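*Asks:* Before I ask anything, here is the structure I am working with.
No lab work stands behind these numbers, since they all come straight from the coordinates. Note that this is a predicted model, so its numbers are computed, not measured. As a convention, Cβ positions derive from the backbone with ideal geometry for all residues, glycine included, and neighbour counts pool all protein chains shown.
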Amino acid sequence: MRNFIFSSYIGPVFVRIIPPFGRPSCAVADLATAMDPTDLIEATDGIAPLSSSSTVVPMARAMETLGSLVPCNPDELFSATRFASMFSDVAYEFHSKYALSRRSGSSGGSYTSDLLDDLAIARGGDSLLVVERITDWALARDLTSLALRVLGHLAPGKETPMEDSCFVAYDNSYHIQLADTPLLDLLADEKGRFGGEDGVHLYDDRSLSIDAQIGGQRAAAAKFLRALQAAGMRFPLKGDDAGAEGWEFTDDFSSPNPHLKCRGRSTLSQLLFDAIYHEDARITFCKVCGNAILARKGRGRPRDYCSEICRDMWNDMFANGKS
Ligand SMILES: [Zn+2]
């Protein structure tokens with residue numbers, strides 16, 4: 001099934017049709033290296049709803065839901081759209097692109113009929129229609145990508161993991177701008193502590209700061225990862241459902257080699273777990289943008305580029321350098 005982008009009063013949203021049962025896991029490697037909306041769409045294809053803030057409606061009510069949305073022509077929305085900085089500008093870009101496509105009077109006609117085709121196919125079964133803020137998925141991308149970067153740059157002997165991972169230093173702390181979505185608030189407690197961790201603060205402007213008064217960058221990196229772990233494990237941290245979507249650990253005693261397994265109760269929790277505890281995988285870095293790439297061990301040479309965009313950029317730079 002395809003994913004679609006619409007505009008709504010909560011901003012641009014993904015609309016996707018998913019199967020009723022099972023939770024096919026999202027490949028954290030694909031999500032963390034999603035450089036533009038197209039990559040983001042591919043990474044989320046067929047995946048269970050990100051969290052309980054996703055809107056999920058049965059097929060019978062699909063048309064009613066779609067009636068409240070304005071289609072965007074993906075070609076116009078996506079042309080030349082990419083994450084301007086690694087993490088911050090995605091929401092703004094979507095909004096400004098959308099404004100442009102409305103002014104040009106785009107109706108997105110064929111796009112809508114593609115969706116209607118998919119709905120017609122899905123209608124017979126128990127499929128579900130999921131509507132999610134694009135910025136929610138951008139946040140999932142930001143956090144998984146940051147986790148991989150920081151882990152990769154925490155390798156023995158590296159002394160500047162925070163700066164190497166795009167954090168900006170000032171005022172004895174390290175800062176990063178995250179995607180602007182209400183979902184982010186649920187990862188902090190009432191005092192604004194991200195993951196409930198002391199010294200890791202989420203501000204109203206969506207910047208996250210990690211206190212680095214003691215222990216320098218390596219200590220700050222560990223603190224950030226601890227906060228991310230706690231946020232994933234106890235998500236959401238606020239409200240009546242506090243912790244309801246986090247991780248749970250299960251022992252599988254029926255297997256000959258019992259081992260502790262983790263299950264994320266939501267896709268977001270599972271993604272955060274998979275990013276932090278990426279068994280059998282190693283982290284390399286894109287030679288163009290520095291994004292972290294999760295590579296399965298023993299699968300040949302690791303990728304040099306995180307995405308097609310970076311591969312093209314490298315080829316362009318190389319071609320220009322020669323001429
Ligand atoms: Zn790259």
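*Asks:* Provide the packing ranking of 221-228, 308-315, i.e. peptides ordered by the mean count of other C-beta atoms within 10 Å per residue, highest first.
*Replies:* Top to bottom by mean Cβ count within 10 Å: 221-228, 308-315.
*Asks:* Where does the charge balance sit around residue 227 when Lys and Arg score +1, Asp and Glu -1, over other residues with C-beta under 12 Å from its C-beta?
*Replies:* 0
*Asks:* While we're here: Hey, can you grab everything whose amide H is under 5 Å from the amide H of residue 212? Only 5+ residues off in sequence or another chain; H modelled, so Pro and N-termini drop out.
*Replies:* Those qualifying (amide H under 5 Å, at least 5 residues apart or on another chain) are 173, 174.
*Asks:* Now for a different question. By per-residue mean of other Cβ atoms within 10 Å, what is the highest-first order of 162-172, 136-146?
*Replies:* 136-146, 162-172
*Asks:* Going 7 Å from the Cα of residue 205 in the Cα-to-Cβ direction, what parts of region 147-184 have a backbone nitrogen less than 20 Å from that spot?
*Replies:* Flagged as within label range: 163, 166-184.
*Asks:* Going highest first, how would you order 64-70, 243-249 by mean Cβ packing within 10 Å?
*Replies:* On the way: 64-70: 13.9, 243-249: 15.7.
The most tightly packed comes first, giving 243-249, 64-70.
*Asks:* Around residue 286, what is the net charge, scoring Lys/Arg as +1 and Asp/Glu as -1 over all other residues with Cβ under 12 Å from its Cβ?
*Replies:* +2
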